[in-house]
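A short write-up of the structure that comes next.
Values in this text are rule-based calculations from the coordinates and carry no lab data. A quick note: this is a predicted structure, and the numbers were derived from the prediction, not measured. Note that each Cβ is placed from the backbone with ideal geometry, even for glycine, and that neighbours are counted across all protein chains shown.
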Amino acid sequence: MKKMKFAKIIFIIFALFPFYLSAETAEEQGLRIAKASYENGRGFTDMVSDQLMILIDPKGNEVTREVSGKTLENLDPNDGDKSLTYFKTPKDVEGTVMLSHTHISDDDDQWLYLPALGRVKRISSSNKSGAFMGSEVAFEDFSGTDYRKYEWKFLGEEMENNETFYKLESYPNYENSGYSKRISLIDNLNRTYKVDFYDRKGELLKTLYLEDYVLYKDKIWMANTLKVENIQNKNITIFKWLNRELDVGINKKDFEKSSILRLAD
Amino acid sequence: MLKKYIISFLFVFLQYLVASQNAAAIDYKAYGFIQPEITTFFNGDGRHDQSNSNQSIFVKGTFITYLNNGDQKITINTTGRIDEKDSERSYIDFQKFKYEQYFDDITLKIGNELIFWGVNESFNIVDIINQSNLAEDISGTKKFGQPMISLNYNHSYGNFDLFIMPFFKERIFPGRNGRPRLALEVDKSTVAYESSLKKNKIDAAVRYSTVYDDYDIGIAHFYGNNRSPELNVNPLSQKLDAYYPILSQTSLDIQSTKGAWLYKLETLTAKNGEERHFGIAGGTEYTIYGLRETTSDLGIIVEYTFDDRNDFAFNNEGVLALRWTKNDIKSTSLLAGLVADMSGSSNRFFAEFEQRIRDDLKVFIDMSINGEIDADDFTYTFEEDSQLTLKIAKYF
């Protein structure tokens, strides 16, 4: 009799077990998907690319900006990547170099070389919401790709263009963000398809579309086109990566402050 | 003479380097700009009967190429000006004309170079390597290239630099028709030096710099001809005689970057000829990002400099400035502020506006208005030189 009771309890526990599994909260589920999506783009070691930025105003006027960049993946999972950006156009900024050491919880370290001044300046990186080169892309859109910079929540599944996406809500947990929240759609390969950004007042500010996904090294998905549509001012920014190469063997020391002068004019 | 030989040797060497490359593989960057400028002065003719207007053309050209998979680099950076009124302001200079060789942790550099030390926006008292061109800009921020051989060692503890600098260049002052200019002309025929080697003295400097957390730190020592001469009135010629003492200067510069606050400090102690002096300059810069929910930023800059030499021009000066950056497609920005002599009554207001008006055109408007200046202040001679300058740069 007693044995029977014990078996029953075991049975009940086992019966309940799947329920416990599915009892992952919306926050946990959101975090799990965001983490998987982030890790989808990891393992590149280092990266070089040319980038085009096309700025389009509501009247359809277009200007193009060219930069080229290098990125070094930080193998320490608790610290951010390092990147070097070289500006080619507009012509008056040609020769400008920016070095950035990103961090997960602290402010990034940033240095700028300006040809007109001929000096390397350490600059503040607390300008999270500022516009990158007059575009609709904010600095935090580049530096804030790590899932640990946000609190996450799974909202459910959503159909768009005959495809099912996970719908996640995220709130920045760093200071000075220009956003109150973001809503992301992520596909079943854990690739982000679309992000809606809400401003500090909670109104929809802009929508980011990630396009032209390419599979690198048979495991890393990277979007080679980003399109940002500002809903409020109707400007559009298109960001394209050209000639992207991964794992090219860049020297770590290229990402030190003193190495900026090797690129400088 | 020797300098000419070395320059022609450099030319031949560079030609050899370039020729030794596979012609198709040479990858280079070349760009520059030409910038006409018009200046008008508010107070009519100057204190020294200079004209109430001036026109000028400034040019800058840059050429960079990397050879042998980036192990070697050649940089040529030329600036020049043709000035309508002041012949001293017309010049051509190879600010950079250098060959660099990169080894693993070591960089070897030979040729003309511009080296900037310091962190401040306005008073860069530790910046000593390059000679100033005061005819180009009376505040001394425009520099000439300095010939050098330099070694940089990049260690995990920081960067060690060694500079060996032959070919001293004398300071260039505004000429008789320059505006602003000094009250008296600097006599080029009476230049004297403390060093018996005069301008052939080989100057040297070392610097250690590192980044530690939020701090960017530099410690340096310079030994050589002072870039800044003593100017003494010659009662016979009624001109200024320039005397270049030997300077032995030890300096420290630190910037701390704490969020939107930057804290800056430059300090030095130096033996200039027989006398030792001390200088300190620093301040803060705070930036308000996204001013009133726009994309604009507003930076507030407060800086101060002190020097314990009573006869030194900038021994007790302060700056309060605002920098507005619109962060728009045209890169519109405005820097405006006040420079004040804290121990006298002289002060100056300045404003610098810039905006890109086309992808290859940029317009600059600079204004400088002098307040009342004490008659015993060395800037008294500039009192009537309040001016407005319009510059348009065409980029190539």
- Peptide B:327-339, shielding by other chains (average Cβ, 10 Å cutoff): 2
- Query: Residue by residue through the range A:132-142, which ³J(HN,Hα) values in whole Hz follow from phi under the Karplus form 6.51 cos²θ - 1.76 cosθ + 1.60 (θ = phi - 60°), with glycine and proline marked x?
  - Reply: 7, 6, x, 9, 8, 9, 8, 4, 5, 5, 7
- Shielding of B:256-264 by partner chains, average beta-carbon count, 10 Å: 4
- Toward the positive end of the charge dipole of chain B, about the Cα centre and with charges on Cβ (Lys, Arg +1; Asp, Glu -1), which of B:Val59, B:Gly158, B:Tyr99 goes farthest? B:Tyr99
- Placing +1 at every Lys and Arg Cβ and -1 at every Asp and Glu Cβ, with all other atoms neutral, what dipole size does the range B:2-395 have around its Cα centre, in debye to the nearest 20? 1400 debye
- Name the lysines eligible as straight-distance cross-link partners of B:Lys258: C-alpha to C-alpha under 24 Å, and not fewer than 8 places from it in the same chain. A:Lys82, A:Lys121, A:Lys128, A:Lys149, A:Lys257, B:Lys326
- Item | Cα gyration tensor, the range A:122-265 - rounded (a/c under 1.5), prolate or oblate | oblate
- Across B:Glu266, B:Glu274, B:Glu372, the residue with the highest GNM fluctuation in chain B (Cα network, 10 Å cutoff) is B:Glu274
- Query: Suppose every K and R has +1 on its Cβ and every D and E has -1 on its Cβ; what is the size of the dipole of the protein assembly as shown about the Cα centre, in Debye to the nearest 20?
  - Reply: 1480 debye
- Query: How would you rank A:Thr96, B:Thr141, going from fewest to most other Cβ atoms within 10 Å of each one's own Cβ?
  - Reply: B:Thr141, A:Thr96
- By how many degrees, 0 to 90 and rounded to 10, does the Cα axis of helix A:26-39 deviate from the longest principal axis of chain A? 50 degrees
- Item | Whole-Hz ³J(HN,Hα) from phi, Karplus 6.51 cos²θ - 1.76 cosθ + 1.60, for the range B:347-361, glycine and proline x | 8, 9, 9, 9, 8, 10, 10, 8, 7, 7, 9, 8, 4, 10, 9
- Leaving out same-chain residues fewer than 8 places away, which lysines sit with a Cα under 16 Å from that of A:Lys59? A:Lys234
- Note, the range A:56-72: 3J(HN,Hα) by Karplus (6.51, -1.76, 1.60, θ = phi - 60°), whole Hz, Gly/Pro = x, goes 10, 8, x, 7, x, 5, 10, 10, 10, 10, 10, 9, 10, x, 10, 10, 10
- Three-way shape label, chain B, alpha-carbon gyration tensor, a/c 1.5: rounded
- Task: Using a Gaussian network model of chain B whose springs link C-alpha atoms within less than 10 Å, name the residue from B:Val186, B:Val233, B:Val319 with the highest mean-square fluctuation.
- Result: B:Val233
- Query: When the Cα centres of the range B:153-225 and the range B:36-66 are compared, how far apart do they sit, in Å?
  - Reply: 25 Å
- Item | Helix-derived mean residue ellipticity, 222 nm - over chain A, DSSP H n ≥ 4, -39500 (n - 2.57), to 500 | -5000 deg cm²/dmol
- For B:Asn133, residues with placed amide H under 5 Å, excluding near neighbours: B:Lys142, B:Lys143, B:Phe144
- Query: Could you work out the helix-only [θ] at 222 nm for chain B, with each DSSP H run of four or more residues adding -39,500 (n - 2.57) and the total divided by the number of residues, to the nearest 500 deg cm²/dmol?
  - Reply: -1500 deg cm²/dmol
- Quantify how strongly other chains surround peptide B:286-293 by giving the mean number of their Cβ atoms within 10 Å of each of its Cβ atoms. 4
- Note on the structure: Any aspartates and glutamates whose Cα falls less than 17 Å from that of B:Lys201, other than same-chain ones fewer than 8 residues away, would be B:Glu170
